Amino acid sequence: MIASLHRGALAVFRRLPVRLRRRVVRTIAPSFTVGAICIIERTDGALLLVRLSYRDRWGLPGGLLQRGETTAEAARREVAEEVGVMVRLVREPHVVVDASAQRVDVIFRAVLAEGVDATSARPMSPEISEVGWFLPSSLPELQAEASGAIVAAARVDADWLSSPARRPGGAAGPNTDGATS
């Protein structure tokens, strides 16, 4: 009985105009926010982290997509707005879905765009209170979203955090002093 009702409902749904079908789906499906996050890596392997003015732990530059914006556009825009640097996205993005928070994060690995000096990264938004470069071996206490993003990126590219020679942009000698900004 339930199966035949389900088939009947799908037959009605199929006859609806596309706009109305989308409205039905959006009404009954859970809503998720979509954000873009950048893991920006310096040539020595240090990662650019930001401290948000309204949170205690360190995070990664990023934010929510604007209507009609691609995830890559959002990632580059958010980095420019938050820390004032241009980046080049490298590799395919990773996706992390947090069902309990109803959030989808698209995580990009990035390097500074050609000609951009790492020391030019600085807080450019009231959201950002501090910016710093940290080696993976000396990361400060991270926000859950940031640690999840780094773990997701490392899971796909297992030797990424331990092999500077394979990182995009080459590698300088290791720097072990933690924060380097």
Quick one: in region 24-49, which of the residues that are among the hydroxyl-bearing types (Ser, Thr, Tyr) and outside any helix (DSSP H, G or I) is surrounded by the fewest Cβ atoms within 10 Å (Cβ to Cβ)? SER31
Do we have ARG21 as touching a Phe, Trp or Tyr at 6+ places or on another chain (Cβ under 8 Å), farther than 30 Å from GLU141 by Cα and assigned to a helix (DSSP H, G or I) here? yes
Sort out which residues of region 26-56 are on the phi > 0 side of the Ramachandran plot and of a type in the set (Val, Ile, Thr), and write them in order of number. none
Yes or no: region 105-114 includes at least one residue that is assigned by TED's automatic domain parsing to the domain that holds ALA153, outside any strand (DSSP E or B), within 18 Å of VAL151 (Cβ to Cβ) and touching a Pro at 6+ places or on another chain (Cβ under 6 Å). no
Go through the residues of region 96-108 one by one and say whether even a single one is touching a Gly at 6+ places or on another chain (Cβ under 8 Å), closer than 15 Å to SER125 by Cα and not hydrophobic (A, V, I, L, M, F, W, C). no
Count - residues of region 61-104 that are more than 21 Å from LEU49 (Cβ to Cβ), in a loop (DSSP other than H, G, I, E, B) and either under 12 Å from the mean Cα position of the chain (by Cα) or β-branched (Val, Ile, Thr) (or both): 2
List every residue pair whose Cβ atoms lie under 7 Å apart, where the two residues are 6 or more positions apart in sequence or sit on different chains, the first residue falls within region 115-126 and is in the same structural domain as GLU81 (by TED's automatic domain parsing), and the second residue, located anywhere, is surrounded by fewer than 15 Cβ atoms within 10 Å (Cβ to Cβ). VAL116/MET86; PRO123/SER129; PRO123/GLU130; MET124/GLU81; SER125/GLU81; PRO126/SER53
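The values are calculated or read from the model by the stated rules, or taken from the named source; none is laboratory data. Predicted model, so just to flag it, every value in this text is computed and none were measured. Methodologically, a virtual Cβ is constructed for each residue, glycine included, from the backbone with ideal geometry; neighbour enumeration extends over all protein chains shown.
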